[in-house]
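A quick write-up on the structure given underneath.
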Amino acid sequence: MSPDDLLYTKEHEWLRIAGDGGAVGITDHAQEELGDIVYIELPKVGTKFDSGETFGSVESVKAVSELYIPVSGEVIEVNEELGSAPERINDDPYGNGWMIRIRLLNKNETADLMSAAEYDEYTSQEKE
Amino acid sequence: MSAYKRTPLHAVHKALGARLVPFGGWEMPVEYSGIAKEHVAVRTAAGLFDVSHMGEFEIRGPEALDLIQFVTTNDASKLVDGQAQYSALAYPHGTVVDDLLIYRHNAEHFMLVVNAANIGKDLEWITSHNRSDASIENISDEITLIAVQGPKARDILQPLTNVGLTGIEYYYFAQARVCNVDAIVSRTGYTGEDGFELYFSAKHSEPVWNGLLEVGTPRGLLPAGLGARNTLRLEARMLLYGNDMDGTTTLLEAGLGSIVKFEKEEFIGRDALSKQKQEGVKRRLIGFEMLGREIARDHYPVLVDGREAGHVTSGSPSITLKKNIGLAYLPADRAAIGATFQVQVRNKLSEAKIVRTPFYKRKEGHESR
């Protein structure tokens, strides 16, 4: 069961809203699919992205996967710790494994994201 | 119904929680506990691999050696009973039909072990060049192939078999009992470690697998999937057909000149390869490491002097060396050790340096193939 306090994308990112901002990471399902994460590429603070744009990439031993921003936002903080410890994404995808914090540029877009229940339903269908 | 073939150990893999993926027409375990963990287990203790997707052909009869000598590039006449050899099937222009292992049971009985995705193609190729009517039988579906690889492989296998394993040299094999089942015990592998490959009747798959797992687990053995198999073989610079060589690259370009024996009698590909050897290859498969943190992946373009010169044939993080490594074809005049070039990693160009291979060589024991 995915955490209730987050919103989710079909590309397996999560968004944790706090005031005008939000933290972004990838879901437990995503980290499990990827396997051992060895490298992450994240944007610079100040970069603006439209909803659904690629904001970075994450690489496991076997594959590379693009990261898509759940809603339009400006990067206000990057989790620099992941540079030397990308395995935190595997170990704690919803906590220490967070990737960026953004300032939301259009709060209405959160309506397009899935709740935890919807996301769990979505991943269970994807498996079949 | 799955469109993919399954090995006789499919249910066992599922029960072990393996992630199963399509590979060469098969549904195969790519990982169980994680590629990195499995990789480290093979380098430090042992790993257990189901590679039953590989194909096996039996070649029999007085003309068996003659056929093998004609279709393969290495010299199988040098084999003695109980010895194995790494070799290749070549096209007339010297490119690669497949790479394979040849096992000599006796002068009139050999076994060829070929890549899973090439079973049909190889069978047709060998059959169509069977000038002297040797008997060719595809026994792939009847054979289970399990590999036990790693520094502890011998200690794990020894209590389960009636053959003295120290007596089997690298690239030799014995007919023996393993877990009370008839098996070929071959000191070969695709990981760069010491280890054994066991060929036996598919109907005994589970008892043998479980027997090895039971004895091996307390000694650090882990079931290992194709993911770790790939990172292990790349560190040891063992080539993967379809990536590092295929019908568009010659054996000499791939650096496999040591398995092309010009001094033996006529074989398919000899003239073209002989000519290429005299003239020199125009491109060469080299090993490289990335100078930055980016990871080169299969098929990424490589650039020399800013111009596209080829592509990465295999690229991955090296778990043992903690570097990002790979193989690529480069123009022969730019393929010197220490030379640099660029790899296009998605939207950016990253520097890479040509290094000596194998990237990883085990410290003791037997030489690598």
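Among the residues of the range A:66-95, those identified as hydroxyl-bearing (Ser, Thr, Tyr) and more than 13 Å from every other protein chain (Cβ to nearest Cβ) are A:TYR68, A:SER72, A:TYR94. Tallying residues that are free of Cβ contacts under 8 Å to residues at least 60 places away in the same chain and either among the hydroxyl-bearing types (Ser, Thr, Tyr) or at positive phi (or both) within the range B:168-188 yields 2. Being more than 30 Å from B:LEU213 (Cα to Cα), out of contact with any Phe, Trp or Tyr (no Cβ under 6 Å at 6 or more places or on another chain) and at pLDDT 95 or above, is that true of even one residue in the range B:144-167? No. What's the total number of residues in the range B:20-60 that are within 13 Å of chain A (Cβ to nearest Cβ) and at positive phi? Of the residues in that region, 1 qualify.
Condition first: more than 14 Å from chain A (Cβ to nearest Cβ) and either part of a helix (DSSP H, G or I) or surrounded by 18 or more Cβ atoms within 10 Å (Cβ to Cβ) (or both). Now tell me which residues in the range B:327-351 satisfy that. I'd like the intermediate steps shown before the answer.
Within the range B:327-351, the subset more than 14 Å from chain A (Cβ to nearest Cβ) is B:327-342, B:349, B:351.
If the condition is that a residue be more than 14 Å from chain A (Cβ to nearest Cβ) and either part of a helix (DSSP H, G or I) or surrounded by 18 or more Cβ atoms within 10 Å (Cβ to Cβ) (or both), then B:LEU327, B:ALA328, B:TYR329, B:LEU330, B:ALA332, B:ASP333, B:ARG334, B:ALA335, B:PHE341, B:GLN342 are the ones that fit.
Could you please find all residues in the range A:88-112 being part of a loop (DSSP other than H, G, I, E, B) and out of contact with any helix residue (DSSP H, G or I) (no Cβ under 9 Å at 6 or more places or on another chain)? Reasoning before the result, please.
Within the range A:88-112, the subset part of a loop (DSSP other than H, G, I, E, B) is A:92-99, A:105-106.
A:ASP92, A:LEU105, A:ASN106, listed by residue number.
Report, by residue number, each residue of the range B:1-19 that is in a strand (DSSP E or B) and more than 14 Å from every other protein chain (Cβ to nearest Cβ).
As a first pass, look at the range B:1-19 and keep what is in a strand (DSSP E or B): B:5-6, B:19.
Result: B:LYS5, B:ARG6.
If I go through the range B:309-335 residue by residue, how many of them are without any contact (Cβ under 8 Å) to a residue 12 or more places away in the chain and farther than 20 Å from B:ALA228 by Cα? First the steps, then the outcome.
Initially, the range B:309-335 is screened for residues without any contact (Cβ under 8 Å) to a residue 12 or more places away in the chain, giving B:322, B:333.
Pick out the ones that are also farther than 20 Å from B:ALA228 by Cα and you get B:333.
Of the residues in the range B:309-335, 1 are without any contact (Cβ under 8 Å) to a residue 12 or more places away in the chain and farther than 20 Å from B:ALA228 by Cα.
Looking only at residues in the range B:30-69 that are in a strand (DSSP E or B) and more than 17 Å from the chain's Cα centre (by Cα), the one that is surrounded by the most Cβ atoms within 10 Å (Cβ to Cβ) is B:ALA46.
At least 2 residues being surrounded by fewer than 20 Cβ atoms within 10 Å (Cβ to Cβ) is the threshold, and among the strands (runs of 3 or more DSSP E) wholly inside the range B:103-216 those reaching it are B:135-138, B:173-178, B:181-186.
Taking the condition touching a Lys or Arg at 6+ places or on another chain (Cβ under 6 Å) and either within 14 Å of chain A (Cβ to nearest Cβ) or crowded, with 16+ Cβ neighbours inside 10 Å (or both), does B:GLY257 pass? Criteria not met by B:GLY257.
Answer yes or no as to whether B:ILE268 is out of contact with any Asp or Glu (no Cβ under 7 Å at 6 or more places or on another chain), touching a residue at least 60 places away in the same chain (Cβ under 8 Å) and within 14 Å of chain A (Cβ to nearest Cβ). Give the steps one after another, and end with the answer.
Numbers: out of contact with any Asp or Glu (no Cβ under 7 Å at 6 or more places or on another chain): yes; touching a residue at least 60 places away in the same chain (Cβ under 8 Å): yes; within 14 Å of chain A (Cβ to nearest Cβ): no.
For B:ILE268, the condition - out of contact with any Asp or Glu (no Cβ under 7 Å at 6 or more places or on another chain), touching a residue at least 60 places away in the same chain (Cβ under 8 Å) and within 14 Å of chain A (Cβ to nearest Cβ) - is not met.
Would you check which residues across the range A:34-65 are within 10 Å of another protein chain (Cβ to nearest Cβ) and among the charged types (D, E, K, R) and list them? Within the range A:34-65, A:ASP36, A:GLU41, A:GLU59, A:LYS62 qualify.
Determine whether A:VAL38 is within 25 Å of B:LYS348 (Cα to Cα) and modelled with pLDDT under 95. Here the answer is yes, as A:VAL38 does meet what is asked. Among the residues of the range A:24-58, those that are in contact (Cβ under 8 Å) with a residue 24 or more places away in the chain and part of a strand (DSSP E or B) comprise A:VAL24, A:GLY25, A:ILE26, A:ILE37, A:VAL38, A:TYR39, A:ILE40, A:LYS48, A:PHE49, A:PHE55, A:GLY56, A:VAL58. Within the range A:46-72, the only residue that satisfies the criterion of being over 30 Å from B:TYR32 (Cα atoms), in contact with a Lys or Arg (Cβ under 9 Å, 6 or more places away or on another chain) and hydrophobic (A, V, I, L, M, F, W, C) is A:VAL71.
The values are calculated or read from the model by the stated rules, or taken from the named source; none is laboratory data. Just so it is clear, the model here is predicted, and its values are computed rather than measured. Cβ sites come from the backbone with ideal geometry, for glycine too, and all protein chains shown count toward neighbours.
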